[in-house]
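The values are calculated or read from the model by the stated rules, or taken from the named source; none is laboratory data. Just so it is clear, the model here is predicted, and its values are computed rather than measured. Please note: Cβ atoms are built from the backbone with ideal geometry, for glycine as well, and neighbour counts cover all protein chains shown.
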Amino acid sequence: MKLPQGGKSELTFVGSLFLVGAIVAWDTYSVELPAFNLTISPRVFPYAVATLLMVLSSILFINVLRGDTAVPEGHIEGTPIEKSDYRAFSLVLASLLAFLLLIERAGFIVAASLTFFGITVAFGNKRHGRSAIFGTLFITLVYLAFTQFLNVPLPAGIFKGLL
């Protein structure tokens, strides 16, 4: 079966939606119920969301296989679709993973600054020094606003005791 242009990426997206629904259903199954009797279980809403997500993604999967694919916004039907920029995608993904790995160890400011810088590079920013400086200043202001004014604790990491 020959998929229309853009069909593979739509099938990948729809498959990931189905997988998210399955993960939600599996995680909901493992939730411990409270000891007291409830009229409505804490599992009802997550099961409903998981079921709806899996049913709708299955319908979308069938539609894509039938040839019903979406036309990207701003794209004229019939013209070829440009290939995905996997370099930019990889940089954004690496930046987000670095944030997850660094947030507790190095602290919010370092992790968020590196993530901000990585995403600006991925989107084609050529002024690396400027984006690093302004990104770090902005992230520092966000950190101070949350920790000092909103009393929301964020990991200080290597700046513990300084800020």
For the range 79-88, check the following and say yes or no: at least one residue is over 30 Å from Leu11 (Cβ atoms) and part of a helix (DSSP H, G or I). no
Tell me, which residue of the range 144-163 that is in a helix (DSSP H, G or I) and β-branched (Val, Ile, Thr) is surrounded by the fewest Cβ atoms within 10 Å (Cβ to Cβ)? Ile158
Residues in the range 9-18: is at least one surrounded by fewer than 12 Cβ atoms within 10 Å (Cβ to Cβ), small (Gly, Ala, Ser), assigned to a loop (DSSP other than H, G, I, E, B) and modelled with pLDDT of 75 or more? no
Considering only the range 27-67, state which residues are over 30 Å from Ser9 (Cα atoms) and in contact with a helix residue (DSSP H, G or I) (Cβ under 7 Å, 6 or more places away or on another chain). Arg43
Could you list, in sequence order, the residues of the range 37-57 that are in a loop (DSSP other than H, G, I, E, B) and of a type outside the set (S, T, N, Q)? Leu38, Ile40, Pro42, Arg43
Which pairs have Cβ atoms under 6 Å, sit 6 or more apart or on different chains, and link a residue in the range 32-57 that is among the small types (Gly, Ala, Ser) to one that is surrounded by 14 or more Cβ atoms within 10 Å (Cβ to Cβ)? Ala50/Gly21; Ala50/Val24; Ala50/Ala25; Ser57/Val14; Ser57/Leu17; Ser57/Phe18
Do we find a residue being touching a residue at least 12 places away in the same chain (Cβ under 8 Å), farther than 30 Å from Thr12 by Cβ and over 20 Å from the mean Cα position of the chain (by Cα) anywhere in the range 91-105? yes
Scan the range 95-143 for residues that are surrounded by 13 or more Cβ atoms within 10 Å (Cβ to Cβ), of a type in the set (Gly, Ala, Ser) and part of a helix (DSSP H, G or I) and jot them down. Ser95, Ala98, Ala111, Ala112, Ser113, Gly118, Ala122, Ser131, Ala132, Gly135
